[in-house]
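This report concerns only the one structure given below.
The values are calculated or read from the model by the stated rules, or taken from the named source; none is laboratory data. This structure is a prediction, so every number in the text was calculated from the model and none was measured. Here the Cβ positions follow ideal geometry from the backbone for every residue, glycine too, while neighbour counts run over all protein chains shown.
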């Protein structure tokens, strides 16, 4: 399993409420969030357009609260897992519902199972393609060897 040196404890796959001091009334600018998560402000605005983030406004500036930061973190985690934005939004909305987490967990398990099947199929397709490439390489080498000898 590969690890990314930028990953930290906020990147674990288990979604858990943040009980740190950040959960207080701290606000963030788009620049701060972009730097923290190593994404562009344009990406953050896109997630906003998709309904994943709902920042407040201070004049013309966007003001993101802890909820937005958490939703952005979960969105990026979902993207790493290969989820669609629609799937991410559904799961993030369930995460915030405050009700029983069993439906969220069951939905998440099903989404992960679907992605596992998709990735396994892609892996199988890649293995077949690699074998075909090896066969073509062998034929080409044999043809080249035959031309040198003749």
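When you look at residue 71, is it over 23 Å from residue 110 (Cα atoms), touching a helix residue (DSSP H, G or I) at 6+ places or on another chain (Cβ under 8 Å) and not assigned by TED's automatic domain parsing to the domain that holds residue 108, yes or no? First the steps, then the outcome.
Details: over 23 Å from residue 110 (Cα atoms): no; touching a helix residue (DSSP H, G or I) at 6+ places or on another chain (Cβ under 8 Å): yes; not assigned by TED's automatic domain parsing to the domain that holds residue 108: yes.
No, not satisfied.
Residues checked against (1) closer than 30 Å to residue 41 by Cβ; (2) at pLDDT below 95:
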residue: 71; (1), (2): yes, yes
residue: 108; (1), (2): yes, yes
residue: 116; (1), (2): no, yes
residue: 126; (1), (2): no, no
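What is the residue count in the range 10-51 for residues that are under 16 Å from residue 75 (Cα atoms), in a helix (DSSP H, G or I) and modelled with pLDDT under 90?
Looking only at that region, the number is 2.
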